[in-house]
Amino acid sequence: MGKVIEMSEIGKFLKDGMTISIGGFLGCGNAHNIIDEILKTNVKNLTLVSSDTVKDGQGIGKLIADNRISKLMATHIGTNKDTQRQVNEGLIELELIPQGTLAERLRSAAAGLGGVLTRTGLGTLVQEGKEVIHIDGKDYILEKPIHLDLAIVKAQKADKSGNLIYNGATRNFNVPMAGAAKVTIAEVEEIVENGELNPNFIHTPFVYINHIVKA
């Protein structure tokens with residue numbers, strides 16, 4: 001079965017209450033066209049895993065503005081006043097995660113690990129409710145994997161098998177998210193035949209990608 005699908009098919013992968021991730025950093029590397037397609041559906045009460053929520057009404061911020069997100073797992077919300085308002089009003093449950101920790105929790109899910117040990121957040125709110133493990137005279141927080149129902153990533157180019165190449169900094173959170181989900185959909189700018197991509201420069205291998213959609 002081919003991996004290339006139409007943008008109009010995105011809705012069949014969505015359901016209320018699911019956990020999704022959207023790669024990118026302040027809009028750079030967001031799958032903007034898939035975000036717009038999500039807004040055409042009635043899906044709601046989503047748990048969103050992302051670096052941030054961009055700005056009011058832009059990129060991921062569109063999902064915030066349309067009240068599609070009930071829980072947010074992110075590294076910061078400082079650039080989106082609407083996100084801040086909804087969190088303060090209790091409309092969105094927020095879990096702030098240190099940026100490197102978010103990447104590692106996603107990577108550990110992709111790698112089938114039970115979690116990662118980090119000293120980031122010791123003695124702060126980040127530590128609350130988490131197991132602390134003592135190794136070689138130092139304490140570490142056990143950060144558990146983040147498993148996703150659906151990961152949405154954005155790449156510059158793909159072959160028909162789903163091997164991906166990103167452009168510059170757009171690799172960001174797209175790379176660790178791809179393997180952490182039951183289903184991963186890649187929005188790409190160009191699709192080429194198998195064998196056309198140089199295997200030395202593939203950033204995400206095809207085994208992590210279920211579907212490809214050309215924007």
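The values are calculated or read from the model by the stated rules, or taken from the named source; none is laboratory data. Computed from a predicted model, the values in this text were never measured in an experiment. So basically every Cβ, Gly included, is an ideal-geometry build from the backbone, and we count neighbours across all protein chains shown. Side chains are part of the model used for accessible areas, which takes the heavy atoms of the whole protein and leaves out ligands, DNA and RNA. Shrake-Rupley method; radii C 1.70, N 1.55, O 1.52, S 1.80 Å.
Summary of values
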{"read-out": "Of residues in the stretch 179-211 being within 16 Å of the chain's Cα centre (by Cα) and aliphatic (A, V, I, L, M), the one farthest from Ile5 (Cα to Cα)", "value": "Ala180"}
{"read-out": "Residue within the stretch 102-112 that is at pLDDT 95 or above, surrounded by 13 or more Cβ atoms within 10 Å (Cβ to Cβ), not small (Gly, Ala, Ser) and not in a helix (DSSP H, G or I) present", "value": "no"}
{"read-out": "Conditions (1) assigned to a strand (DSSP E or B); (2) within 16 Å of the chain's Cα centre (by Cα); (3) among the small types (Gly, Ala, Ser); number of the one not met by Ala158", "value": "(2)"}
{"read-out": "Flag for Gly121 being assigned to a loop (DSSP other than H, G, I, E, B) and open to solvent by 10 Å² or more (accessible area, probe 1.4 Å)", "value": "yes"}
{"read-out": "Counted residues, the stretch 140-155 - those being in a loop (DSSP other than H, G, I, E, B) and either without any contact (Cβ under 8 Å) to a residue 60 or more places away in the chain or open to solvent by 20 Å² or more (accessible area, probe 1.4 Å) (or both)", "value": "3"}
{"read-out": "Residue within the stretch 177-196 that is part of a loop (DSSP other than H, G, I, E, B) and among the basic types (Lys, Arg) present", "value": "no"}
{"read-out": "All positions within the stretch 61-79 that are of a type in the set (Val, Ile, Thr) and within 13 Å of Leu46 (Cα to Cα)", "value": "Ile64, Ile69"}
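Here's the yes/no breakdown for (1) open to solvent by less than 10 Å² (accessible area, probe 1.4 Å); (2) part of a strand (DSSP E or B):
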site	(1), (2)
Asn42	no, no
Asp56	no, no
Gly59	yes, no
Leu63	yes, no
Leu72	yes, yes
His76	no, no
Thr79	no, no
Thr83	yes, no
